[in-house]
Amino acid sequence: MSKPQEPQPVPTYRNRLICYSDGRPEMAPADGWCQSGVPLTPRTDCEQLAVLPTWRQWTYPDGTTGDWELLDQGSCEPVLPVLTVEDFRSLPIPAPVLRLQPDRGWVLVNIETIVMTDPTPVALRTTLAGFGVDVEAVPTRYSYDFGDGHTLDTRSPGAPHPDHDTFHEYEQPGTYAITLTTEWSGRYRVDGDPTWRDVTGTATTSATSPPFTAEERTSRLVDSLCTDVPTPPDC
């Protein structure tokens, strides 16, 4: 059977300026002023905000408290790294999948070929200057090159038929491939700091569809069904 642990003193910490009484440091009151006037503390040069001197007081198991102890003369908040646009562009942002409708290896001339993609943001993780960093990449613009000299630039990720708003009609038969270039905006959050910050600048990814053919087909009347066996000669 283990021996019960004895109660331990509990520390309390505060950050206050330093007052000097007979040459000895004392913690400044909550209003920041000393009896002698202006509180004194050594100057700390910081790139960001300075942290006031740290004091500690022990509370013992019997309820008594000790004197406040000066632990340091003040310090600097850690300088948080900045995720530059170059850092953002170097991350492995996956290119969204390009989807076509119809997707059967061929489309019809002068009929809408629908294009669409996935607008879901991407969560990434990286390290900067020893800090862990959460990154979120958000697709904001989509540029399609249809391979026949026509392009489409839009902020819509598209949708399937009949709600589609991103499409193209090929005018000439041929073999084509569509390239989607996606523009990404980003934001990041450094470990230990809850603030999300925007990346200054954007990144891009590209995806290209497999080649397909645009075909010109005409309808005509036939004497029999083309599904008949054997297939009628006029089909």
Give the residues of segment 18-44 that are farther than 14 Å from D72 by Cα, out of contact with any Ser or Thr (no Cβ under 9 Å at 6 or more places or on another chain), open to solvent by 60 Å² or more (accessible area, probe 1.4 Å) and at pLDDT below 70, sorted by residue number. V38
Count of residues meeting criterion [within 15 Å of W196 (Cα to Cα) and touching a Phe, Trp or Tyr at 6+ places or on another chain (Cβ under 7 Å)] in segment 109-141: 5
Is there a residue in segment 103-120 that is of a type in the set (F, W, Y) and either open to solvent by 30 Å² or more (accessible area, probe 1.4 Å) or closer than 30 Å to E216 by Cβ (or both)? yes
Looking at Y170 and the list (1) more than 22 Å from A137 (Cβ to Cβ); (2) crowded, with 17+ Cβ neighbours inside 10 Å; (3) in contact with a Gly (Cβ under 7 Å, 6 or more places away or on another chain); (4) touching a residue at least 40 places away in the same chain (Cβ under 8 Å), which single condition is not satisfied? (3)
When (1) assigned to a loop (DSSP other than H, G, I, E, B); (2) of a type in the set (A, V, I, L, M, F, W, C); (3) closer than 21 Å to Y176 by Cβ are applied to A159, the one that fails is (3)
Counting just the residues of segment 77-136 that are outside any loop (DSSP other than H, G, I, E, B) and free of Cβ contacts under 8 Å to residues at least 12 places away in the same chain, which one comes out farthest from P53 (Cα to Cα)? S90
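The values are calculated or read from the model by the stated rules, or taken from the named source; none is laboratory data. Only a predicted model underlies this, so the values are computations on that prediction, with no experimental measurement involved. All Cβ positions, glycine included, derive from the backbone under ideal geometry; neighbour counts span all protein chains shown. Keep in mind that these areas ignore ligands, DNA and RNA; they rest on the heavy atoms of the full protein, side chains included. Shrake-Rupley method; radii C 1.70, N 1.55, O 1.52, S 1.80 Å.
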